[in-house]
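Okay, so here's the structure we're looking at.
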Amino acid sequence: MLSVAEAFSITQQNLLSLPDKTISLIDAQGRVLREPVSADRDFPPFDRVAMDGIAIRFADYKARKRQFRVVGIQRAGQPQHTLQEPDTCLEVMTGAMLPIGVDTVIRYEDIRITDGVASVMIEDVEPGQHIHNQATDRRAGDELLPVGTYLGPSELAVAASVGQVNVMVTALPRIALISTGDELVDIGDTPLPYQIRRSNTYMLRAALASLGIQASLHHIVDDEAILTERLATLLADHDMLILSGGVSAGKADFVPDVLASLGVQKHFHKIEQRPGKPLWFGTTPEKAVFALPGNPVSTILCAYRYVLPYLRASLGLTPAPLRYAQLAEPVTFRPPVTYFLSVRLTSEPNGQTTAHPLPGSGSADFANLLAANAFMELPADRSEFSAGESFQVWETL
Ligand SMILES: Nc1nc2c(c(=O)[nH]1)N[C@H]1C(S)=C(S)[C@@H](COP(=O)(O)OP(=O)(O)OC[C@H]3O[C@@H](n4cnc5c(N)ncnc54)[C@H](O)[C@@H]3O)O[C@H]1N2
Ligand code: MOO
Ligand SMILES: [Mg+2]
């Protein structure tokens, strides 16, 4: 059976190849950039006044001059003015171009203007103060957003400022989320004693929404012929299928055989891990299929540990930064497989992240996920884990 690292690496070597798409910047929140965005002008594009007040020649101030006749006003959004005569000043507004002939700004709070003459009240004026000089931050032509950038609020602001009305991003994959199982009824139905409402596909849809993906929801009963027919259609209409249930050893666990019969090449089935051991992954030349174990804790673990990193990489995003936390209490886990322990992460005043174990009652105990907010990955080659030891965590945000 495969280790977690081996299974993960197989998924990452068989990514979806997704086309580029040009979309309006207003719709680009959460998308992944496919062409670099560069500065069309310097940042800032001119010597920019940074405080409301007056602009003077520092040489006048240095020569003990403290009173300046106000000869005009330079507002933001106006062409650049010029200060002609010595011992005069211009009022200047934040965001305006610094006028020609001045080099220092003094705030309104530090002057008094009486009868058109500004008197400087402070003695610590520095040359060039309160001016945000042209090109201090970035230069015209600098690459601002490389390919693979996730477009969040700051990135969209920068793209907007350089005139990117449209951006080229990775097209989102069309994904079908499919629950399987005769015991599962619609959430609007009242289950009979031997039935439950399906929940995994709702959980998966929410997890995928973090990447901007709106997956469709489907349900298929445990009938091999029906499963074959429905999966054939869903496969034809989507880039990726994510199934839940029907991948273990039961009499109704038809999913692996049906996927094989549809020409989906199996890359692996089963990983040395708990929960989520029966995870199945396969591809066709253009599509991918993850068949996740049906127990809800297994489903979500496999989604966050394999499926989301797979989608991130397929979209061209850099991997999410690794996260670690310190165990709050000792943990014992005997089987020689990787144990994904449900934990609640808390952040300490010293900056450390602590993981409080919430083992729950097994991989069907999805109510336990309400208190937990991450899985801690405890390595397979040990069974004792001490308080204070640090291990990788996968947040289930
Ligand atoms: N003899 C063995 N039995 C089992 C093994 C094994 O290795 N040998 N593996 C166990 C493990 S581990 C898991 S995990 C489960 C995986 O089962 P399946 O993927 O085949 O899933 P099902 O049998 O269809 O269902 C399992 C469980 O999950 C519930 N479920 C399924 N889908 C949903 C859904 N959409 N929403 C909510 N709950 C769902 C289902 O009702 C079952 O209770 O197998 C073990 N058995
Ligand atoms: O993988 Mo199963 O999730 O241990 O119950
Ligand atoms: Mg089963």
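The values are calculated or read from the model by the stated rules, or taken from the named source; none is laboratory data. Here the structure is a predicted model, which means the values were calculated and not measured. No Cβ is skipped: glycine too gets one built from the backbone with ideal geometry, and neighbour counts run over all protein chains shown.
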Checklist entry - Looking at the stretch 297-340, which of its residues are among the polar types (S, T, N, Q), more than 14 Å from ligand 2 (Cβ to nearest atom) and more than 21 Å from the chain's Cα centre (by Cα)? => result GLN326, THR332
Checklist entry - Checking SER248 against (1) outside any loop (DSSP other than H, G, I, E, B); (2) within 11 Å of ligand 1 (Cβ to nearest atom); (3) of a type in the set (S, T, N, Q), which test does it fail? => result (1)
Next on the checklist: Take the conditions within 16 Å of ligand 2 (Cβ to nearest atom), farther than 21 Å from LEU378 by Cα and surrounded by 23 or more Cβ atoms within 10 Å (Cβ to Cβ) and apply them to PHE268. Does it pass?
Outcome noted: no
Item to check | Residue satisfying all of: in the stretch 199-234; in a helix (DSSP H, G or I) and of a type in the set (Ser, Thr, Tyr); surrounded by the fewest Cβ atoms within 10 Å (Cβ to Cβ) among these | outcome: THR233
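Kindly state which strands (runs of 3 or more DSSP E) lie completely within the stretch 1-118 and contain at least 2 residues that are charged (D, E, K, R).
Ranges flagged: 20-24.
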Checklist outcome for this item: Those residues of the stretch 256-295 which are charged (D, E, K, R) and on the phi < 0 side of the Ramachandran plot amount to ASP257, LYS266, GLU272, ARG274, LYS277, GLU286, LYS287
Checklist entry - Which of the residues belonging to the stretch 83-97 are without any contact (Cβ under 8 Å) to a residue 24 or more places away in the chain and acidic (Asp, Glu)? => result GLU85
Next on the checklist: Given (1) over 26 Å from the mean Cα position of the chain (by Cα); (2) closer than 17 Å to VAL4 by Cα; (3) within 16 Å of ligand 3 (Cβ to nearest atom), identify the lone condition not met by GLY294.
Outcome noted: (2)
Checklist entry - How many residues, within the stretch 228-270, are more than 16 Å from ligand 3 (Cβ to nearest atom) and not charged (D, E, K, R)? => result 19
Item to check | Residue identified as surrounded by 14 or more Cβ atoms within 10 Å (Cβ to Cβ) and in the same structural domain as LEU156 (by TED's automatic domain parsing) among ARG107, ARG66, ARG34, ARG57 | outcome: ARG34
